[in-house]
Amino acid sequence: MAFKLSSSAFANNEKIPLRYSRDGEDLSPPLAWEGLPEGTLELALICDDPDAPTPAPWVHWIIYGLRPELKALPEGIPVLKEIGDPLKARQGENSWGKEGYGGPAPPRDHGPHHYHFTLYALNKRLALPLKLDKDRLLKATQGAVIAKTTLTGIYER
């Protein structure tokens, strides 16, 4: 079975519902995965928007330190630096300079934006510090990524 990320809220390359955007309730969407590669010891997830009118993709969410026993993230992960049981994870800093999920909020009349939820399977436990940004997380995972999978959602104002 291939490593695959999905959501019960939207299909790949389909519209992200309003409730998961900054125009709605700004909840993180439910995510689930299957086909975790053998040897996975930790998972990390980054959600970003490469269509943002910024020099680099706009980062909406970073969550890392996820145990491989997990098969999903529920809707509405609390906006905290550290999350206790059952997730026991950390959330990094998004492009707004805050930890946790920040939903789609593209400029009005800018056309459809593509939100890439990328899940990384790592072959070691990294014990990373709090408040990592995307660049620092990706640097820390170099050499440890054994697979990745992406779910893309679309949102437009």
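The values are calculated or read from the model by the stated rules, or taken from the named source; none is laboratory data. This one's a predicted model, so the numbers in the text were calculated from it and none came from an experiment. FYI the Cβ positions are ideal-geometry reconstructions off the backbone, even for glycines, and counts take in every protein chain you see.
Listing for the model above:
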quantity	calculated
Any hit, the range 133-142, residues being among the hydroxyl-bearing types (Ser, Thr, Tyr), modelled with pLDDT of 95 or more, assigned to a helix (DSSP H, G or I) and within 14 Å of ILE63 (Cβ to Cβ)	yes
Meets criteria (modelled with pLDDT under 95, surrounded by 15 or more Cβ atoms within 10 Å (Cβ to Cβ) and within 16 Å of the chain's Cα centre (by Cα)) for VAL59	no
Members of the range 78-106 found to be surrounded by 21 or more Cβ atoms within 10 Å (Cβ to Cβ), within 22 Å of LEU126 (Cα to Cα) and either under 12 Å from the mean Cα position of the chain (by Cα) or not aliphatic (A, V, I, L, M) (or both), listed by number	ARG90, GLN91, GLY92, ASN94, GLU99, GLY100, TYR101
Residue among GLY24, GLY39, GLY111, GLY65 that is surrounded by fewer than 16 Cβ atoms within 10 Å (Cβ to Cβ), within 23 Å of VAL145 (Cα to Cα), touching a residue at least 60 places away in the same chain (Cβ under 8 Å) and of a type in the set (Gly, Ala, Ser)	GLY39
The range 107-116: number of residues that are farther than 25 Å from LEU126 by Cα and under 16 Å from the mean Cα position of the chain (by Cα)	3
